[in-house]
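K.L.:
Take this structure, written in structure tokens, and hold onto it; I'll ask about it next.
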2 protein chains.
Amino acid sequence: MIKADLLLHNAHVLTMDAEFHAFPEGALAVHGGEIVAVGPTARLLAEVEADERLDCQGRTLIPGMVNAHTHAAMTLLRGLADDRRLDVWLLGYMMPVEREFVAPDFVRVGTLLACGEMIRSGVTCFADMYYYEEVVAKATAEVGMRAVCSQTVLKFPAPDAESYEDSLAAAREFIANWRGHPLIVPSIAPHAPYTCTPEILRACTDVAVEFDVPLHIHISETLQEVQDSREAYGMPVVPWVKKAGLLEAKVLAAHCTHIDEGEINTLKHAEAGVAHNPSSNLKLASGFAPVAEMLRAGIRLGIGTDGPASNNDLDMFEEMRLASFIAKASTHDPTSLPARQALAMATRLGASALHLEHLTGSLEAGKRADLVLIDTSGLHNQPQFSHDPDAAYSRLVYAAKSSDVTDVMVEGRWLLRERELLTIDIPPLLEAAAGFARRIDSFLVELEDSLLSKLVAIGGAEREESYEVQIKTRVPDPVSLITAVENLEVVRRAHYREYDTYFGFADVSQGRLRYREDEFVDERGDTFNVRYRLTLIGPASEREYAQSVLVSRSRFIAPARHSLRFYREYFKPASEQDIQKDRLRWLVRFKGNEFFINLDQLLQPALDGHFLEVKTRTWSRRDAEEKAALMVELLGALGLPDAEEVKQEYADLVGD
Amino acid sequence: MIKADLLLHNAHVLTMDAEFHAFPEGALAVHGGEIVAVGPTARLLAEVEADERLDCQGRTLIPGMVNAHTHAAMTLLRGLADDRRLDVWLLGYMMPVEREFVAPDFVRVGTLLACGEMIRSGVTCFADMYYYEEVVAKATAEVGMRAVCSQTVLKFPAPDAESYEDSLAAAREFIANWRGHPLIVPSIAPHAPYTCTPEILRACTDVAVEFDVPLHIHISETLQEVQDSREAYGMPVVPWVKKAGLLEAKVLAAHCTHIDEGEINTLKHAEAGVAHNPSSNLKLASGFAPVAEMLRAGIRLGIGTDGPASNNDLDMFEEMRLASFIAKASTHDPTSLPARQALAMATRLGASALHLEHLTGSLEAGKRADLVLIDTSGLHNQPQFSHDPDAAYSRLVYAAKSSDVTDVMVEGRWLLRERELLTIDIPPLLEAAAGFARRIDSFLVELEDSLLSKLVAIGGAEREESYEVQIKTRVPDPVSLITAVENLEVVRRAHYREYDTYFGFADVSQGRLRYREDEFVDERGDTFNVRYRLTLIGPASEREYAQSVLVSRSRFIAPARHSLRFYREYFKPASEQDIQKDRLRWLVRFKGNEFFINLDQLLQPALDGHFLEVKTRTWSRRDAEEKAALMVELLGALGLPDAEEVKQEYADLVGD
């Protein structure tokens, strides 16, 4: 006789083992958190001596599902900003909010809620990647789920680290502390090749290899990433990370939306796992991953929900179905990724993608008792046919819903019984979540209200408390002016073509935002460099006058790392105006002070004549006023002693 | 004061009217089945005098969803055959089962179950297309749902009609009887351009125009359909049906997966409605419909589930989400089809696709009271943000589940209250459905067991109770034989190249199946025609011998209208063998009887020498024996009196 704590019987058992053994009248025995027997009910009733028996009432018994890639705590950001481009979503919403709010308590509440949602939908194991991963690990272990918890390392400052050295050290400590835990596999996550340096990839790989833990990373999520990699390194992403040594670790690569046959073979050869994230890839329009090809190559291919901020839920039933649908449609072959294989991806293959196939992913004696009961008697899953044995898989993948999950066990412990969560107290968590949502709402409302906050939020301008001193005037004779400037002490000179786009807003007190491309022109008139900058120009009312010179609060300038399109979607201007001009620019030293001199000609819209701008900056109002006086002297030296001041911006001069 | 039967208050009302008015603290008043007021709770509490008030507890109130294309009764075929190609699925499973089982009771049970499932998931109105549509209409009206019920017309015999004239007459009578019903809009459904003749399309249009009812049709579901239309008529599908006059009716075109810009404009100009069916199009790998383009053109574009045999459910939440996901991914633009617009497709636009926008699809005074309450307080929909007013749509489309629907009203009548169906008694229906499933299972098991049944099931061979008389022998001198044959009375002669594929099966008593391409060769050796045939060849044990001539039961022959690939997937042979030969064939008259003479040379696999086959057929065993005797005489006349009989089939001669 086999001794067991518990015998589950009267279940339709889909073992999801490599031969897809199934027992329509099946049973399973658990002892000490381990599966000790699985087979037909009649046999197990005879062979197993169990302390307790549970009649499964004909429900379907499957291995617990494996969510192969998520950011659990981002549950608190679900629905924060949908229907946006990836860059606007990420840089305009996710990252500013994360910088402001992500802290241990945020991570704890988000992770616990995510665990509740996942358990309810039949997930027993997930691969997480986030900040404060020790908090994720604690919360998950407390709830009783299994997880690969991956501490993020980035080349930028992160919510939980000032520098990558800090996160690396934290990751190391976290892994050392948690290695060997029965439920938690600690892991390291260099976020993505484009957010890490080769040195960081190398260092992370060394940690993963040293502790023999998985390494979790985003790979080739978008076509842009592949193009950038080709441009920067002359190769797509997988060969690049291979060159960096990354594939020496037990890799779990999330997405792999855009990888080619060679890259698939490389990943296969390295025994890397891949997490396919169909909802996220569709919702963010990242593309269709080559799922059929990866399966053909024998990749350890799991399915993930990605974070609930880009999904917007943690429902593996939806992901399975979608994985199958997308594979069929994108290969024009309805026999692609049949139901049975989709369920395998959500269970056994998912476990192998996480390098946990020895523990979970199938109902086999010797594996840990991670399992799920599903009630397929619902109206939406009737009638049921039996002529084709694959119909049982088809019911789960094409018609079942996460709300059909009734019971969930991990490591022999019930986490869900008859749809009731046993290890998480949800109401206080929802209250805490609502509190975070209110604060985030206020933060975003304020952000949306202030151009400057929005500019700061995307990691741009610093608030510089300084003054700008400026005069602008028409130049009747540009040739004489150039001669006069060249007679001064010239520190350096430049020639640009400037393409400006001014964003106007309904609330004029916010000022205007200028997106500028500076084309640096060499002596032959060729462009040899381009610089992109974003400038927040305060409203006219902020200006003050000293003689005929403007003294104003200095502008906020940020490097414009994104496209005009990005800024247009992010700032949502009420109006737009384009101006193109030719600019000769000198930095001159005059009576011990440096001044910028611009000689401008407006090309588009065309405006007759040339304009002179003289500018300087300072931290002190008094110094600004002194410089304004000097500037009047400088105008005299340039042969324009009675220059008539032009107070308007070019944008106003040329009209709308 | 506004008089009302019922005032719903404390709801987050999304009216889905053309301006997307929404009332986070909203209310709605119903009187006599009509919406009489909608607005902020405070205002309606003051303005409306209601017999009854219902506190909606902060749930979201939306118009009832419109399932713009389905075959409700096919609920009974859910999960019958998944992961198959469209033709195998349709011709190999759906149509044989429908021919055998579809009858009024089947349609009634299937429709009622479908109504139950749809109500539970927030659908109040659907467009159906099936057989016995009068039964669908009765069941739907009884349950209290709104529907466009479309009687199918086909050029083939249908489960409910021997000929298209019969279905046309039935459709006419059905429409005349049901026109003006408060819930049911009767309609006519020429199934698809490729299953109808131009005359049928014309006749259906005339009926639809005469009674001013919608015309429901499948249009451009697959690329194959478009290619076939181009080949047959020199134009894609929409221009072709326009030419047939179809667009004179109020059309509801299902699928439109493959239509170009010109076709979109044609449909828009004709004010045709389109039903987009994302799950079905993905699951059957039909493709990605040009949703963004259709919306841009202003098409009346709804969302449908299609039948549960190709979906496999009737869940409009899934379809909305999928419509949005697919539009984003296929246009590489995550801002495509935002949540608000997806919900509009599932409500107001869906109603307009069905030409019912005056009745339903939005919460506006004057429309019928078709509405749904949704509980968004579930764990999977928390937390909730309010900084962006579109977040309410996002919650419904990207995170809500059909199981979140709590209450459904149609025409002022509650059909669902607190998740309980009020107008359908489900248990006896499930019992009836299980009975159908058992009988269909048996039918399919038997079908799978018998090659002949499978052949008959796909509309192929007729069972011919006749005898075949045949002798085969080696020919030492083919030139002399040709001379001898030409000296007989030759009725006609032909020259083929024959490409045969023999399917073998584990159960040899089933015989073999031969797929044959006959290439007709002209005098210059060029192919001028090709014929495809399928022949079921009984096992050797069925044969009898008379002298050296074989008399056997005749074979079953069917025109092979599908591809070798189709038959391979459908019959699932255990082995396959290819044989290619050159055949000269004569039909000769000899002593008052007709005989076929074949002079064969095996080309692939090559076999030395030539073979003669003499054949004839008859309905009578005695006649067969007399002809066998005559055949021996004929061999003498051909100069082969002592011909040694070759008893084997070519497939056996050449070995495996």
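K.L.:
Calculate the dipole size of the protein assembly as shown relative to its Cα centre from +1 charges on Lys and Arg beta carbons and -1 charges on Asp and Glu beta carbons; express the result in debye to the nearest 20. It would help to have the intermediate numbers written out before the result.
P.N.:
Numbers: 136 positive and 198 negative charges, 139 e Å.
Its charge dipole is roughly 660 debye.
K.L.:
Next question, about the same structure. Amide H to amide H under 5 Å from B:Leu607: which residues, 5+ apart in sequence or cross-chain, H placed 1.01 Å off N in plane?
P.N.:
Those qualifying (amide H under 5 Å, at least 5 residues apart or on another chain) are B:Leu602.
K.L.:
Grab the residue from chain A whose Cβ hugs the A-to-B rotation axis most tightly, plus its distance in whole angstrom.
P.N.:
Whole-Å result, nearest residue of chain A to the axis: A:Ser403, 2.
K.L.:
Determine which aspartates and glutamates satisfy two conditions relative to B:Lys3: a Cα distance under 20 Å, and not lying fewer than 8 residues away in the same chain.
P.N.:
Correct list for B:Lys3: B:Glu34, B:Glu47, B:Glu49, B:Asp51, B:Glu52, B:Asp55, B:Glu364, B:Asp370, B:Glu411.
K.L.:
Please report the spacing between the Cα centers of the range A:186-200 and the range B:298-331 in Å, no decimals.
P.N.:
38
K.L.:
Just to be sure I understand the model, the point goes 7 Å from the Cα along the line to the Cβ. What's the resulting B:Glu649 to A:Thr335 distance in nm?
P.N.:
Each label point is offset 7 Å from its Cα along the Cβ direction, giving 2.2 nm.
K.L.:
Follow-up question, since we're still on this one. If you add up the charges near A:Glu162, with Lys and Arg at +1 and Asp and Glu at -1, over every other residue whose beta carbon is less than 14 angstrom from its beta carbon, what do you get? Present the calculation step by step, with values, prior to reporting the outcome.
P.N.:
Numbers: positive: A:Arg99, A:Lys155; negative: A:Asp160, A:Glu165, A:Asp166.
Net charge around A:Glu162: -1.
K.L.:
Counting partner chain Cβ atoms within 10 Å of every residue's Cβ in A:395-407, what's the average? Numbers along the way, then the final one.
P.N.:
Numbers: counts 4, 0, 3, 11, 9, 2, 8, 3, 6, 1, 0, 0, 0.
The mean count of partner-chain Cβ atoms within 10 Å per residue comes to 4.
K.L.:
Tell me the label-point distance for the pair A:Asp51, A:Lys3, using the 7 Å Cα-to-Cβ offset, in nm and rounded to one decimal.
P.N.:
Result for the modelled spin labels: 1.1 nm.
K.L.:
Same structure again: What's the local net charge at B:His69, with K and R +1, D and E -1, over the other residues with C-beta under 12 Å away? If you can, show how the numbers build up before the last one.
P.N.:
Numbers: positive: none; negative: B:Asp128, B:Glu221, B:Asp306, B:Glu319.
Summing Lys/Arg as +1 and Asp/Glu as -1 gives -4.
K.L.:
A further question on this structure: Enumerate by residue number the trypsin sites (Lys or Arg not before Pro) in the range A:550-609 meeting two conditions: DSSP loop (anything except H, G, I, E, B), and at most 15 other Cβ atoms within 10 Å of the site's Cβ.
P.N.:
Numbers: sites: A:Arg553, A:Arg555, A:Arg561, A:Arg565, A:Arg568, A:Lys581, A:Arg583, A:Arg585, A:Arg589, A:Lys591; in loops: A:Arg555, A:Arg561, A:Lys591.
Sparse-neighbourhood loop trypsin sites (Lys or Arg not before Pro): A:Arg561, A:Lys591.
K.L.:
Of the GluC sites (Glu not before Pro) in the range B:560-654, which ones lie in a loop per DSSP and count no more than 12 other C-beta atoms within 10 Å?
P.N.:
On the way: sites: B:Glu569, B:Glu576, B:Glu594, B:Glu613, B:Glu625, B:Glu626, B:Glu633, B:Glu644, B:Glu645, B:Glu649; in loops: B:Glu644, B:Glu649.
When the GluC sites (Glu not before Pro) of the range B:560-654 are filtered for loop state and at most 12 Cβ neighbours within 10 Å, B:Glu644 remain.
K.L.:
If you keep only loop residues by DSSP, which GluC sites (Glu not before Pro) in the range B:465-499 have at most 16 other Cβ atoms within 10 Å of their Cβ? Write out the running numbers ahead of the final one.
P.N.:
Working: sites: B:Glu465, B:Glu468, B:Glu486, B:Glu489, B:Glu498; in loops: B:Glu465.
In loop regions of the range B:465-499 (DSSP not H, G, I, E or B), the sparsely surrounded GluC sites (Glu not before Pro) are B:Glu465.
K.L.:
Round to the nearest 0.05 the FRET efficiency obtained for A:Leu223 and A:Arg179 when R0 = 41 Å and r is the Cβ-Cβ distance.
P.N.:
Values: r = 37 Å, r/R0 = 0.91.
After rounding to 0.05, the efficiency reads 0.65.
K.L.:
Using a label point 7 angstrom from Cα along Cα-to-C-beta, what distances in nm, from shortest up, separate B:Arg565 from the other copies?
P.N.:
Values, ascending and in nm: 3.5.
K.L.:
Could you sort the residues of the range B:420-436 by number and keep only those whose accessible area is reduced by 30 Å² or more in the all-protein-chain setting relative to the chain alone, 1.4 Å probe?
P.N.:
Buried-area filter returns B:Leu430.
K.L.:
What are the ³J(HN,Hα) values, in whole Hz, obtained from phi via the Karplus relation 6.51 cos²θ - 1.76 cosθ + 1.60 with θ = phi - 60°, for each residue of the range A:571-578 in sequence order, with x given for Gly and Pro?
P.N.:
8, 6, x, 7, 9, 9, 9, 9
K.L.:
Using alpha carbon centroids, what distance separates the range B:601-656 and the range A:233-278, in Å?
P.N.:
Cα centres, the range B:601-656 to the range A:233-278: 63 Å.
K.L.:
Short version: ³J(HN,Hα) in whole Hz for each residue of the range B:75-87, in order, from phi by Karplus 6.51 cos²θ - 1.76 cosθ + 1.60 (θ = phi - 60°), x for Gly and Pro, what are they?
P.N.:
Each residue of the range B:75-87 in turn: 3, 6, 10, 4, x, 5, 7, 10, 6, 10, 5, 3, 6 Hz.
K.L.:
Okay, moving on. How big a patch of accessible area, both sides summed and in Å² to the nearest 100, lies buried between B and A at a 1.4 Å probe? Mind showing how you got there, number by number?
P.N.:
On the way: alone 27110 and 27090 Å², together 48790 Å².
Rounded to the nearest hundred, the buried surface is 5400 Å².
K.L.:
Can you pull the one-decimal nm distance between simple spin-label points at A:Glu210 and B:Glu25, each 7 Å off the Cα toward Cβ?
P.N.:
Going by the 7 Å Cα→Cβ label model, 5.9 nm.
K.L.:
Same structure again: What accessible area per residue, rounded to a whole number of Å², is obtained for the range B:2-58 using a probe radius of 1.4 Å? Could the numbers behind the result be given before it?
P.N.:
On the way: 2470 Å² over 57 residues.
Per residue, the range B:2-58 has an accessible area of 43 Å².
K.L.:
Follow-up. Distances from A:Asp166 to the same position in the other copies: list them in nm, one decimal, shortest first, using label points 7 Å from Cα along Cα→Cβ.
P.N.:
Copy-to-copy label distances at A:Asp166, shortest first: 8.1 nm.
K.L.:
Just how many % of Cα pairs in chain B lie over 35 Å apart, if you round to the nearest whole percent? Numbers along the way, then the final one.
P.N.:
On the way: 110569 of 214840 pairs.
Of all Cα-Cα distances in chain B, 51 percent exceed 35 Å.
K.L.:
For the range B:426-445 and the range A:201-223, compute the distance between their C-alpha centroids and round to whole Å.
P.N.:
52
K.L.:
Starting from the Cα of B:Lys581, draw a straight line to each of the lysines and keep only those under 22 Å, dropping any in the same chain fewer than 8 residues away.
P.N.:
By straight Cα distance, B:Lys581 reaches B:Lys472, B:Lys615, B:Lys647.
K.L.:
Note the distances from A:Pro428 to each other copy's matching label point, with points 7 Å along the Cα-to-beta-carbon direction, in nm, sorted shortest first.
P.N.:
Counterpart label points of A:Pro428 in the remaining copies fall at 5.2 nm.
The values are calculated or read from the model by the stated rules, or taken from the named source; none is laboratory data. Just so we're clear, the structure is a prediction, and the values are computed from it rather than from any experiment. All Cβ positions, even for glycine, are placed from backbone atoms using ideal geometry, and neighbour counts span all protein chains on display. The area values use the complete protein model at the heavy-atom level, side chains included, leaving out ligands, DNA and RNA. Shrake-Rupley method; radii C 1.70, N 1.55, O 1.52, S 1.80 Å.
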